[in-house]
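Here is the structure we will look at, set down as structure tokens.
The values are calculated or read from the model by the stated rules, or taken from the named source; none is laboratory data. Predicted model only: the values in this text are computed from it and were never measured. Cβ coordinates were reconstructed from backbone atoms using ideal geometry, including for glycine residues, and neighbour counts include every protein chain displayed.
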């Protein structure tokens, strides 16, 4: 799974794919490369915004764990699963 | 985007275009309730646990009085028979007895229960296709009004009445085609084929039984009041024919039940507020048809028959709710949200055919999505709602599932899980347990382990020891 995640992050960062995604403050996501749109839940929106700013998975998990008062491992596992889901769409 | 601090794993949902729902998404987010029948939901769960059935006495009595009033305003001589099978929790049956309803029972057990609850035999209507010799003897001796289902039963009743040297007034159940509902032809005597007339002839020749009632039941959750008008028309025509031919006077015209509640059948798109007619529309159709069909009696200066209706669901469905807690959440592979509840089809048998209303018990923020609500059973079919728009639920959240008063406290399953407490909120707002939650001793009370199967070193104490003593010697 770690190898899959590493490949995914490489793909998402390639050609600034991740940073080009447009995310509204209500969780609406538009992918200008494919023209597809999505809805993010709150934690999904936070996660993508952190990653767009270039933060690591670990740091993003720390932000979520602090905000929701959940264990760091829980946040990290969820973010990794989210990225795999994201990879199927983007 | 707002959040109320509740954690939901990050999720992305692609927008799909072209899937049009002409009714739109029905949101439950604005439908937050914190009290039920005037009592805090959180307090009830803290005191009695989850899941929890809660019955509102005030609501039930008000509904019963409203429905009875609808009929009594239109026809002088009415009686309501409380259909025990709808909900035979003792406190419910006592409320219905206090409200003046007869007890409508359909089995040995229900008859015995009605008597144990203090209902005199003369206030019991005894229906159903399986009445044993012993219970018929008791019912006849105690003056219950029996409505016979088949010829064998008629013969039994006649023999018992003869033995007791009594003239026993009975009714017969009929079945016929109204043209509106699927005929329930397995019950009673068929009119079109002549079985009903055959039964009447049999009774007429008897020295011990007297035909005093006609009974039929045209179906369940009948959404068309005209079906009842037609039912009553057919029954009145038969009544007139019989009273002209034989020395018969029909005193009871029993139209059964089948009036719908404000639940949403899964097969019907319209919400119940639009699909379900008002009870007054049924009363109009029935009483107008009855008055028309009984004109001949008035002309002859005879009394009108008593109208008996055996409504169960319409009386109680909306007066009971089920509080259930979320025990887990997940994403299904197709992207839908799912929540696992501590109550499923084991407690809500009616979830198989209704989309029960589900209400939230706290405020939520965030996106509402299509969600599946599963029950706790290890069965794929244990689905409380197959598709409902809900915000992200968390473990521990409580949901209120409405309109569960009919057929759930009787058809619930003792399967995998214990059945929970049932609580009554009295008219003064006090809560009373009216059926205790099950525990291991209840679940094992009827079990018996033969000596050669006993676990080594275990004391042989199984369930209720007094019940064990009653077992036949061979099994001990």
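Tell me whether segment B:278-293 contains one or more residues that are free of Cβ contacts under 8 Å to residues at least 40 places away in the same chain and crowded, with 16+ Cβ neighbours inside 10 Å. The answer is no; no qualifying residue exists. Does residue A:79 fit the bill of being buried (at least 16 other Cβ atoms within 10 Å of the Cβ), under 16 Å from residue B:13 (Cβ atoms) and within 11 Å of another protein chain (Cβ to nearest Cβ)? Against the criterion (buried (at least 16 other Cβ atoms within 10 Å of the Cβ), under 16 Å from residue B:13 (Cβ atoms) and within 11 Å of another protein chain (Cβ to nearest Cβ)), residue A:79 does not qualify.
Tell me, which residue of segment A:16-59 that is assigned to a loop (DSSP other than H, G, I, E, B) and within 21 Å of residue A:72 (Cβ to Cβ) is nearest to the other protein chains (Cβ to nearest Cβ)? My answer is A:41. Considering segment B:342-452, the qualifying strands (runs of 3 or more DSSP E), each wholly inside and each with 2 or more residues that are within 14 Å of chain A (Cβ to nearest Cβ), touching a residue at least 40 places away in the same chain (Cβ under 8 Å) and under 30 Å from residue A:24 (Cα atoms), run over B:383-390.
Each row is one residue, and each column tells you yes or no for (1) modelled with pLDDT under 95; (2) within 14 Å of chain A (Cβ to nearest Cβ); (3) at negative phi; (4) crowded, with 18+ Cβ neighbours inside 10 Å.
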{"site": "B:30", "(1), (2), (3), (4)": "yes, no, yes, no"}
{"site": "B:37", "(1), (2), (3), (4)": "no, no, no, yes"}
{"site": "B:52", "(1), (2), (3), (4)": "no, no, yes, yes"}
{"site": "B:82", "(1), (2), (3), (4)": "no, no, yes, yes"}
{"site": "B:111", "(1), (2), (3), (4)": "no, no, yes, yes"}
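To keep it simple, each residue is scored yes or no on (1) buried (at least 19 other Cβ atoms within 10 Å of the Cβ); (2) more than 23 Å from residue A:4 (Cβ to Cβ); (3) in contact (Cβ under 8 Å) with a residue 24 or more places away in the chain.
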site	(1), (2), (3)
A:25	no, yes, no
A:30	no, yes, no
A:36	no, no, yes
A:52	no, no, yes
A:57	no, no, yes
A:64	yes, no, no
A:70	no, yes, no
A:84	no, no, yes
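So which residues in segment A:60-75 are more than 10 Å from chain B (Cβ to nearest Cβ) and under 18 Å from residue A:18 (Cβ atoms)? Answer for segment A:60-75, where residues must be more than 10 Å from chain B (Cβ to nearest Cβ) and under 18 Å from residue A:18 (Cβ atoms): A:61, A:63. Looking only at segment B:326-339, which residues are buried (at least 20 other Cβ atoms within 10 Å of the Cβ) and at pLDDT 95 or above? Answer for segment B:326-339, where residues must be buried (at least 20 other Cβ atoms within 10 Å of the Cβ) and at pLDDT 95 or above: just B:339.
Based on this model, can you work out whether residue B:179 counts as part of a loop (DSSP other than H, G, I, E, B) and either free of Cβ contacts under 8 Å to residues at least 40 places away in the same chain or touching a helix residue (DSSP H, G or I) at 6+ places or on another chain (Cβ under 6 Å) (or both)? I'd like the intermediate steps shown before the answer.
Values: part of a loop (DSSP other than H, G, I, E, B): yes; either free of Cβ contacts under 8 Å to residues at least 40 places away in the same chain or touching a helix residue (DSSP H, G or I) at 6+ places or on another chain (Cβ under 6 Å) (or both): no.
So residue B:179 does not fit the description; no.
Inclusion of residue A:7 among residues that are more than 8 Å from chain B (Cβ to nearest Cβ) and in a loop (DSSP other than H, G, I, E, B) is not warranted.
Checking the structure you have, find out if any residue of segment B:299-307 is crowded, with 21+ Cβ neighbours inside 10 Å, part of a strand (DSSP E or B) and modelled with pLDDT of 95 or more.
First, the residues of segment B:299-307 that are crowded, with 21+ Cβ neighbours inside 10 Å: B:305, B:307.
Now narrow it down to the ones that are part of a strand (DSSP E or B): B:307.
Now restrict to residues that are modelled with pLDDT of 95 or more: B:307.
Yes: segment B:299-307 contains one or more residues that are crowded, with 21+ Cβ neighbours inside 10 Å, part of a strand (DSSP E or B) and modelled with pLDDT of 95 or more.
Restricting the search to segment B:158-181, which residues are touching a strand residue (DSSP E or B) at 6+ places or on another chain (Cβ under 7 Å) and closer than 16 Å to residue B:203 by Cα? Listed by number, the residues that qualify are B:158, B:161, B:167, B:168, B:169, B:170, B:171, B:172, B:173, B:174.
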